[in-house]
Amino acid sequence: MATLKLVLDTRNKKANGTYPLVFRLTHNTKSTSIPTQLSVGPTEWDKLKQRVRKTNPNCESINHELGKTRLKLQERLLEISDAELLDVTTIKHRITGNVELHKALDFFAFSEREIKALRETNRIGNAIVYECAVNSLRAFIGRASLRFENINYKLLVEFEAHLVAKGLKTNAIANYMRTIRAIFNKS
């Protein structure tokens, strides 16, 4: 299950001596940060309570803003029904509202652009591997388009079973799945 925690990001010290506050999203032992536009000094942050201390003159408004943001993110997190099947980056895109990029893009159109870019940079071998995997997925789907939001665990398991039924060997199947994941992660 994905969890959210508000933390002071001490890795990124600002010029004024403050550190940004970020929401740390953790899922399946992987984590990513969701920035807040707010920053405080290290002595103004209560790590246990995940709140700005009263030593900060704006603590009331900052804590109120952080509370609203946390509530919004947690509500969106609860709305994701297939969260267990997703990676932490996809969950981040969904709860922050940046999923529009994925919704607007067609997987096959995006793949074609990637293949074209590989060919233009003389990475012909990779382009051929990408083409084989994408064409196989396109044949399995039976449609000319596939939205990113429709790529899920169930679809990939069915695709893998389809490849096994076609008689492909384990390494070939693994190569196809790895290639599809690579394209998906580039989006």
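Overview of values
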quantity	calculated
Pairs beyond 32 Å (Cα-Cα), from Lys5/Lys169; Lys92/Lys166; Lys154/Lys186; Lys92/Lys116; Lys47/Lys186	Lys5/Lys169; Lys92/Lys166; Lys47/Lys186
Evaluated at q = 0.08, 0.18 Å⁻¹: base-10 log I(q)/I(0), Debye formula over Cα of the chain	-0.39, -1.13
Förster radius 35 Å - calculated FRET efficiency between Arg53 and Met1 (Cβ-Cβ, nearest 0.05)	0.75
Globularity ratio of region 1-88, using Cα Rg and 2.2 N^0.38 Å	1.16
Region 115-130 and region 140-185: distance between their alpha carbon centers, rounded to Å	19
Accessible carbon and sulfur surface of the chain relative to its total accessible area, %, 1.4 Å	52
Per residue solvent-accessible surface (Å²) - region 3-153, probe of 1.4 Å	60
Computed [θ] at 222 nm, deg cm²/dmol, the chain (DSSP H ≥ 4; -39,500 (n - 2.57); rounded to nearest 500)	-16500 deg cm²/dmol
Highest-first arrangement of 133-141, 32-40, where packing means the average Cβ count within 10 Å	133-141, 32-40
Volume in Å³ per residue [convex hull over Cα atoms, computed for region 124-169]	90
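The values are calculated or read from the model by the stated rules, or taken from the named source; none is laboratory data. These numbers were taken from a predicted model, which means no experiment stands behind them. Cβ atoms come from the backbone with ideal geometry, glycine included; neighbour counts cover every protein chain shown. Side chains are part of the model used for accessible areas, which takes the heavy atoms of the whole protein and leaves out ligands, DNA and RNA. Shrake-Rupley method; radii C 1.70, N 1.55, O 1.52, S 1.80 Å.
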